[in-house]
Amino acid sequence: MSRVAIVGGGIGGLTAALLLSRQGQQVVIYERAGRVGGRVAFEEEGPYRVDQGPTIVLLPEMLNGILEEGGLPPDSLELLRCDPLCRIHFRSGRVLTKVAGLAEQAAEIDREFPGEGSGFLRFMGDMARLFPQGKASFLEQPFNRRREFFSPANLVLMSRLRAYRSLRSAVSSYFRSEELRDAFSLQSLYIGGAPFRTPGIYTMLPYAESAFGIWMLKGGYGQLPQILSRELLSRGVEIHTGTEVEGLTVEDGRCTGLTAGGVKHSYDAVLYNGEFPQLEALLPAQLFSGNAAADSAVQRSSGARGRIKRGRYQPSSGCVLIYAGTDRRWPESETHQFFLPDSLNDNLRELFDQGRISQLPSYYVFNPAAIDDTAAPPGQSVLYFLIPVPADPDMDWEAIAGPLAERVLEDAEQRGFPGLKASLRWKKIRTPADAHKDGLYGGGSFGIAPVLSQLGVFRPQPRPYPIKGLYAAGASVHPGGGVPIVMQGARMAVHELMKEMKQ
């Protein structure tokens, strides 16, 4: 049995602990906050409770498969399928409902956008062939060496997935309408990226939505860390909350433990699940060259004599989040809804290129009571509004957030939630300044940005440095953000860790 420390009790850390404890390893989790879960948590006030962070469940088979590998009982989670999947409100007055079933979705598209349904079918047909290959090659494999990423087979696959183009450009091959191009590229916002900057390989996101559905966890995503931590405690896993790790110990090219609360602890391996750019501060300074042009051969060194190039990372977008409790419901509304401005592309260019917030931005609304009657008290609702904004914690959010929230609530009332403002009984606003205060890198809500320079082998890996016994998981680590994908990254890190332990 090996002793493994996990720094950070987010979903990646909890998943790693589940998998490691299942294999008989002794696991200790250190979490600096007063609770585990990281971004996956609840906001609560009186009778109201709503997810603080992620709300959309994609790739349910991946999520369930990882939990099954970790030995979690199969009935631990109750996933609710959203059908319709979601509804997209365009400023033109058109409304696109995404539904299950290829023929049904093509017909729905043709109703609002005559002649465009065939483009959807062509997109789904192309991606049905490419998605399994992309999943196996890019979501289920770490890239410890560049040649593994740039293999001939991967280069061909990246070309077919249009990695050299943006996501928006890639979907434009299938749709003539600007609004449909928006509808099938806005998914990059789920991971904090702009459709015109996110590589075309992420066409796997809109495909996965239509192919495998959009789901939600009954009771809210915030239940997931509670379910995992209960299972871990029952196995004897130690979970120390309110405990900050101050440094990692590296001796002769191996991570041998950590310091927490001023006390040194020895471990056979350490898995880091904090914000990845903050890992450098925990490592001995002499390991880093500090020279951006450091010889790549040095980075490959596996001993203490090697020095590592410091990372430079671009954060994902930020969010202004509005949490609300109301004294009414909207039976005609769906669980997941998107409200778009006149031009989503122009709107997001203003945000990502100029660092500005539009007078009326795009936003997403989560309305869980539409499918989960227990999500709010009888006859009432909890709502969650997500507004993409610059990841800049130094903006004057106290002056910006209130008026921005009012504009969004007014717009939502006119376009989908009549009587919304009069029905409000609770409201709370969260900004990038709050995210930064909670330790999220650069005030971004999704880790580092999903741009080409931070994709695949260019993203921190589950074995991030040439240091034995040190591993990483989380939204900033390959393969990326989104709860099931973060869990998949944790699984890869555990597999790498166990492989090293057996050597």
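The values are calculated or read from the model by the stated rules, or taken from the named source; none is laboratory data. What you see is a predicted model, and the numbers here were worked out from it, not measured in a lab. Positions of Cβ are generated from backbone atoms using ideal geometry, with glycine treated the same way; all protein chains shown enter the neighbour counts. Just the protein is used for accessible areas: all its heavy atoms, side chains included, with ligands, DNA and RNA removed. Shrake-Rupley method; radii C 1.70, N 1.55, O 1.52, S 1.80 Å.
Quick rundown of the values:
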quantity	calculated
Top-ranked residue in the range 475-503 [being open to solvent by less than 10 Å² (accessible area, probe 1.4 Å) and in contact with a strand residue (DSSP E or B) (Cβ under 7 Å, 6 or more places away or on another chain); ranked as nearest to ALA136 (Cα to Cα)]	ALA493
Residue within the range 22-45 that is in contact (Cβ under 8 Å) with a residue 40 or more places away in the chain, over 15 Å from VAL483 (Cβ atoms), open to solvent by 30 Å² or more (accessible area, probe 1.4 Å) and among the small types (Gly, Ala, Ser) present	yes
Residue, most open to solvent (accessible area, probe 1.4 Å), within the range 334-391, restricted to residues that are under 19 Å from ALA412 (Cβ atoms) and among the acidic types (Asp, Glu)	ASP342
Count of the range 442-455 residues which are touching a Ser or Thr at 6+ places or on another chain (Cβ under 7 Å) and part of a helix (DSSP H, G or I)	0
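Each row is one residue, and each column tells you yes or no for (1) crowded, with 17+ Cβ neighbours inside 10 Å; (2) at pLDDT 95 or above.
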{"position": "ILE400", "(1), (2)": "no, yes"}
{"position": "GLU410", "(1), (2)": "no, yes"}
{"position": "GLN414", "(1), (2)": "no, yes"}
{"position": "PRO418", "(1), (2)": "no, yes"}
{"position": "LYS421", "(1), (2)": "no, yes"}
{"position": "ARG425", "(1), (2)": "no, yes"}
{"position": "ARG430", "(1), (2)": "yes, yes"}
{"position": "GLY439", "(1), (2)": "no, no"}
{"position": "SER453", "(1), (2)": "no, no"}
